[in-house]
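Enquirer: Here it is, the structure in full.
The values are calculated or read from the model by the stated rules, or taken from the named source; none is laboratory data. Just so it is clear, the model here is predicted, and its values are computed rather than measured. Positions of Cβ are backbone-derived with ideal geometry, glycine not excepted, and every protein chain shown enters the neighbour counts.
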Amino acid sequence: MIHRLARLWSGLQADAGPLVRECGTRRGRKHTVKKLILLAVVVLGLAALWRKMQADRAELDLWTEATTADE
């Protein structure tokens with residue numbers, strides 16, 4: 001994970017011109033950090049949603065099993 005972030009950062013610096021690279025690194029870092037924070041929030045949200053769906057499915061299975069008539 002850290003290697004990927006390092007490659008992302010070096011790729012961002014390589015794409016920028018020399019003047020932007022010297023003057024705009026702080027702005028570029030802030031932009032990258034904001035993207036990473038947003039990505040982390042999205043991943044955590046999806047994980048919470050997945051767990052909620054699994055819990056609902058398990059509860060439905062339990063109710064189906066409990067209420068199904070044995071014939």
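Enquirer: Cβ-Cβ below 6 Å, separation at least six or inter-chain, first residue in the stretch 27-56 and part of a helix (DSSP H, G or I), second at pLDDT below 95: which pairs?
Expert: Listed by first residue and then by second, the contacts come to 28/12.
Enquirer: Can you say whether residue 64 is assigned to a helix (DSSP H, G or I) and in contact with a Leu (Cβ under 8 Å, 6 or more places away or on another chain), as far as the supplied structure shows?
Expert: Working: assigned to a helix (DSSP H, G or I): yes; in contact with a Leu (Cβ under 8 Å, 6 or more places away or on another chain): no.
Answer is no for this residue.
Enquirer: From the set of residues in the stretch 44-69 that are among the polar types (S, T, N, Q) and over 23 Å from the mean Cα position of the chain (by Cα), which is modelled with the lowest pLDDT? Give the derivation first.
Expert: Keep residues of the stretch 44-69 that are among the polar types (S, T, N, Q), which gives 54, 64, 67-68.
Right, trim to over 23 Å from the mean Cα position of the chain (by Cα) and you get 64, 67-68.
On the way: 64: 92, 67: 90, 68: 87.
Selected residue: 68.
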